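The values are calculated or read from the model by the stated rules, or taken from the named source; none is laboratory data. All values derive from a computational prediction rather than experimental measurement. As a convention, Cβ positions derive from the backbone with ideal geometry for all residues, glycine included, and neighbour counts pool all protein chains shown. Areas reflect the complete protein model, heavy atoms only, side chains present, ligands, DNA and RNA absent. Shrake-Rupley method; radii C 1.70, N 1.55, O 1.52, S 1.80 Å.
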Amino acid sequence: MPFCARLTLRTGNLALADMHRYLLAVGFAVACTPVLAQSTSDEITFLSCQMCHGQTDSAGMMPVIQGKPYEGLVQSLASFSGQNPGTTIMHRFVGGLTPEERDSLARYISGLEGVSR
Amino acid sequence: MKRFSRRETLAISTSFVTGSLLAAPAKAQGRPRVVIVGGGFGGASAARTLRQIEPDFDVILITEAAQFSTCPFSNMVIAGERPFEAITFGYDGLAARGVQIVIGRAIELQTSGQVVVMEDGTKVAYDRLIVSPGIELKYTDIPGYDEALQDRMPHAWKAGAQTVLLRDQIAAMRQGGTFVMSVPNNPYRCPPGPYERAGLVAHFFKKNNPTAKIIIVDGKDSFSKQALFTEAWDHLYPGMITHVPFSDNGGVIEVDPEALTVTTAFETFAGDVVNLIPPQRAPQLLLQAGLGGDGEWCPIDQATFESPFAPGVHVLGDAAIVGDMPKSGFSASVQGGVCAHVVAALLQGEPPQQGVLLNTCYSLVGPEYGISVAGVYRVNAEGRLKSVEGTGGTSPTGASDDFRVSEAAYAKSWYANMTTYLFG
Ligand SMILES: Cc1cc2nc3c(=O)[nH]c(=O)nc-3n(C[C@H](O)[C@H](O)[C@H](O)COP(=O)(O)OP(=O)(O)OC[C@H]3O[C@@H](n4cnc5c(N)ncnc54)[C@H](O)[C@@H]3O)c2cc1C
């Protein structure tokens, strides 16, 4: 089954993510590249993240995470599953993601256009 | 800032068109056409997300009123801590994103003909339909109660005039009076909502009516975040709130809106103000279209939100049975976003993808005292959206005041971000 570029984004590959954004921006339909089907999509999982972390520069205590460096994001996600997470909510969530999903999600979020605040 | 294409600009300029202009047959211009009924948490999120990922789709949002007041934070309005305007939003933000807004009441879903019939008789055609109309209150399930009596014993379980009315009744209550709240058995919209309300009303009384009492007449024995709520009530409002579980009241058998009494199998409770929250179900609009099957809530394919009773119709939010997810605004918004992706994929002829879904229900027991329950949900091998074992759960009991203060701040931040996503 051929998957479109929109789906290859969900592999968490940054280069492909950038290409996808470019293609979406200019509005081209693209030829499909076969990729391995993933059990979950970063783009869909991120919907839940953005309900608190915002997609825009709205005010709030939850930090904006879009476009933040991958290393920091993946480290934070790992620390939330540790002994003293120092968070009120995040440690209750991260156990629901496999280490691969955490890594892929961090890559996806870091590849998104950043917002300033 | 993204530049709008000519097509999007056209869509924006035709926003707020009337139903009749939209009655063109679906796919007339070869553009997929998605109609969404309900401009609350689920519907607004679906509309916004769909326009974002598929700028070439026609997205039509049908909703009853030009303004939407959120139930989240309506308890802060009732407690006099926020103005009503602060929980009320319009649809200009969605219109600017190219969502075509139709203000009006949908009265029939003709699922075989793929049209939504509006109250004024116009028909809106769709390729795929998303419905998130919330709940309907079963007023007459309680002997003595009736929709016409809702101003005498407000429910305030749909935000709007009822919210303001209950706030004003509480503010005008005599010194040392009793506030009675009748809470239904599960399932109902927002499991911790009544207990959040009790705490915030207690906060108001503590400042303005310190000898007042609050009695919760419950239709069940235990409730969401119970240990946290009772700990907070004892700490913040000692002696003010009495919770009467079902096993101690035997269930409400009658109310008298004139005398302001709630009679249960074992006892009659008299109030100066009575907040009667009736049992609930999916709206008649969905049930009469057969989307509830034999029941009162709508079963769905939990991976795609599609109704097993009507192909091409997706149900989400409070009206649907969405696996382990609670009936919350957070859940409905996440479901709206996921459903937008599903519908986009299906209309492009692609297989829909899955994600990990989250929910957090924050409750404010006082304006600066927050508690939460969180959940992580994934579709399992049987296609059920199940809560992931070992994840989620509530805030700890016995936490410091600082912890509660920070959860209250997070609750406010969540609300600001969520409403910006939906309506900003
Ligand atoms: C007191 C209280 C506090 C709450 N606090 C929280 C909270 O802190 N956090 C949280 O996550 N959730 C909270 N909730 C729950 C939340 O309000 C609901 O779960 C959420 O609104 C469900 O979203 P929905 O899309 O299913 O329905 P809604 O948000 O109710 O949206 C339905 C929309 O559809 C429209 N509609 C209905 N029928 C028609 C029709 N026939 N034609 C056209 N339009 C129609 C309605 O007018 C409405 O605009 C609270 C609820 C209450 C009562």
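Looking at B:GLY39, B:GLY43, B:GLY104, which one is closer than 20 Å to B:ALA156 by Cα and touching a strand residue (DSSP E or B) at 6+ places or on another chain (Cβ under 6 Å)? Every option except B:GLY39 fails the conditions.
Close Cβ contacts (under 6 Å, 6 or more residues apart or on different chains) running from residues in region B:405-421 that are over 13 Å from A:ILE89 (Cβ atoms) to residues that are open to solvent by less than 10 Å² (accessible area, probe 1.4 Å) and away from the ligand (no atom under 13 Å from the Cβ) comprise B:ASN417/A:GLY54.
Right, B:LEU422: among the aliphatic types (A, V, I, L, M) and away from the ligand (no atom under 11 Å from the Cβ) or not? Spelling it out, it is not the case that B:LEU422 is among the aliphatic types (A, V, I, L, M) and away from the ligand (no atom under 11 Å from the Cβ). Restricted to strands (runs of 3 or more DSSP E) entirely inside region B:324-418, those with at least 3 residues that are facing chain A (nearest Cβ under 9 Å) and open to solvent by less than 10 Å² (accessible area, probe 1.4 Å) are B:357-366, B:369-379.
In summary, helices (runs of 4 or more DSSP H) completely within region B:192-276 and bearing 3 or more residues that are surrounded by 15 or more Cβ atoms within 10 Å (Cβ to Cβ) and touching a strand residue (DSSP E or B) at 6+ places or on another chain (Cβ under 8 Å) occur at B:193-208, B:226-236. Of all residues in region B:147-163, those that are open to solvent by 70 Å² or more (accessible area, probe 1.4 Å) and over 22 Å from B:PRO83 (Cα atoms) total 3.
Only a single item in (1) at pLDDT 55 or above; (2) within 15 Å of the ligand (Cβ to nearest atom); (3) among the polar types (S, T, N, Q) is not met by B:GLN52, and it is number (2).
Apart from one condition, B:ASN186 fits all of (1) in a loop (DSSP other than H, G, I, E, B); (2) touching a residue at least 60 places away in the same chain (Cβ under 8 Å); (3) within 16 Å of the ligand (Cβ to nearest atom); the exception is (2).
Could you tell me whether region A:95-106 includes any residue that is within 14 Å of another protein chain (Cβ to nearest Cβ), hydrophobic (A, V, I, L, M, F, W, C) and either open to solvent by 30 Å² or more (accessible area, probe 1.4 Å) or more than 22 Å from B:ALA374 (Cβ to Cβ) (or both)? No, region A:95-106 has no match at all. For B:GLN67, the conditions (1) open to solvent by less than 30 Å² (accessible area, probe 1.4 Å); (2) within 11 Å of the ligand (Cβ to nearest atom) are fulfilled apart from (1).
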